[in-house]
Structure formats: C-alpha cells, structure tokens
Amino acid sequence: LMRPRKGVEVLLEALYILSAQRKDIHLEFVGSFETVHYQEQIEKLVRRWNLGNLVHFSGFTRDVPSKLQNLDALVLPSLFGEGLPMVVLEAMAAGVPVVATAVEGTPEAVRDGVDGYLAKPKNAGDLANKIDLLCTDRRRWEQMGRAARERQRTLFTTAHMAK
C-alpha cells in the first residue's frame, strides 16, 4: 500500500538524481495507493521530473512471489519505523537484494552491504547512492541476493519467528 509514510516521493527524487547519469534503472511500483489524492500527487511528481518512461505502476497483486522473482531489487524508502516489514522478508526469501532506509525494524533484517543497503531516511541523495552501488557491481548484487535468501531462511522463516 503506497502512502506518504512509505517515502515514495523520496524514491522518485532519487530516481530523478540517478536518471542524469544512468539510463538502465526503472521502477515498478507494486501495490495500490491509499487514496486517489495521493496517487495524483505521485503522478504529478513523475510528470514534473519527466520520469514517465522510467516508472511503471503495476497496481495490486495477490501473486507477490511471482512479482518479486521478476525484480532485480526491492526498494523500501520508509520515512520512519516499519516494525519488521514483511515485504522485505518476502524479497529476501526470493533472493532479491533490498535497498531500504535505516528506520527502526528494517536493520534487524537487512545488514548494510551484506543483504542489501540501508540509506538515511528522507535523504534522496543517499538513497540514489545506495541504488547506484547495487546497480554498479553485478557480482556484488548476486552475492547480496544469496546472502539475503540465506539470512531469511536462517532467521526469519515462519517456524523460526513463531518460536
């Protein structure tokens, strides 16, 4: 669910920063918007920053595993605490590296530089830098995906979490 606390505006600004130097990064937003008004605000930013050819809104899906398998990375730019975000654990289970903000909860799952990257919250420049780091080194990206899958299987399975 896309809502203001998720930092979508910060992610779009990070993409705008990256678009000046990289043409190989595209964002797919999976999920619905909390309100039509918020969706209109986000679409306005996409137009203002001329990101229409880099952004795709695929909407709500019930088949999260299939959607995750088609992604190179998951970005969760939350502005403040998430608890332990299920979407991060789902991405890790699929072997998808995560770029997220270092808000309470997320660093419990994602180790910066190991399973993905943690950016400063509300900082589009730092988020852009972390995304760029992930995209620059394919070998490192593959290592992070494997590490993410292993960490989820070791610490965050439903059986382990229930204990």
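Things to note:
- Helix-derived mean residue ellipticity, 222 nm - over the chain, DSSP H n ≥ 4, -39500 (n - 2.57), to 500: -14000 deg cm²/dmol
- Portion, in percent, of the accessible area of the stretch 27-82 that falls on carbon or sulfur, probe 1.4 Å: 48 percent
- Taking only the C-alpha atoms of the stretch 65-112, the Rg (one decimal) and the largest Cα-Cα distance, Dmax (whole number), read 10.1, 28 Å.
- Stretching residue 104 away from residue 32 to a fully extended chain increases their span by 23.5 nm, per 0.36 nm per residue minus the current alpha-carbon distance.
- Per-peptide packing, taken as the mean over residues of other Cβ atoms within 10 Å, places 8-16, 128-136, 79-87, 63-71 in the sequence 8-16, 128-136, 79-87, 63-71 from highest down.
- Within the straight-line cut-off of under 28 Å between alpha carbons, the lysines reachable from residue 130 are 6, 23, 44, 67, 120, 122, sequence neighbours fewer than 8 places apart in one chain being disregarded.
- Value in Å of the Kirkwood radius, where the stretch 1-110 supplies the Cα pairs that are averaged: 14.5 Å
- For the chain, size of Cβ-based charge dipole, Lys and Arg +1, Asp and Glu -1, in debye: 140 debye
- Two-site FRET efficiency, residue 138 against residue 162, from Cβ-Cβ distance with R₀ of 35 Å, rounded to 0.05: 0.45
- Over the stretch 77-163, accessible surface divided per residue gives 49 Å², non-protein components excluded, 1.4 Å probe.
- Taking packing as the residue-averaged number of other Cβ atoms within 10 angstrom, the listed peptides 54-61, 27-34 run from highest to lowest as 27-34, 54-61.
- Amide H contacts under 5 Å for residue 7: 79, restricted to partners 5 or more places along the chain or on a different chain, H placed in the peptide plane at 1.01 Å from N.
- Each residue of the stretch 6-15 is assigned a 3J(HN,Hα), and the resulting list reads 7, x, 4, 4, 5, 5, 5, 5, 4, 4 Hz, derived from the Karplus form 6.51 cos²θ - 1.76 cosθ + 1.60 (θ = phi - 60°), x at Gly and Pro.
- When only Cα pairs below 8 angstrom with a gap of at least 6 residues are kept, the stretch 1-93 shows a relative contact order of 38 percent.
- Amide H contacts of residue 117 (H built 1.01 Å from N, in plane; Pro and chain starts excluded): 98, 99, 100 sit under 5 Å, all sequence-distant by 5 or more or on other chains.
- Based on Cα atoms of the stretch 95-163, Rg over Rh with Rh as the Kirkwood radius reads 1.02.
The values are calculated or read from the model by the stated rules, or taken from the named source; none is laboratory data. Bear in mind that the values here come from a model prediction, so they are computed numbers and not experimental data. Positions of Cβ are generated from backbone atoms using ideal geometry, with glycine treated the same way; all protein chains shown enter the neighbour counts. Keep in mind that these areas ignore ligands, DNA and RNA; they rest on the heavy atoms of the full protein, side chains included. Shrake-Rupley method; radii C 1.70, N 1.55, O 1.52, S 1.80 Å.
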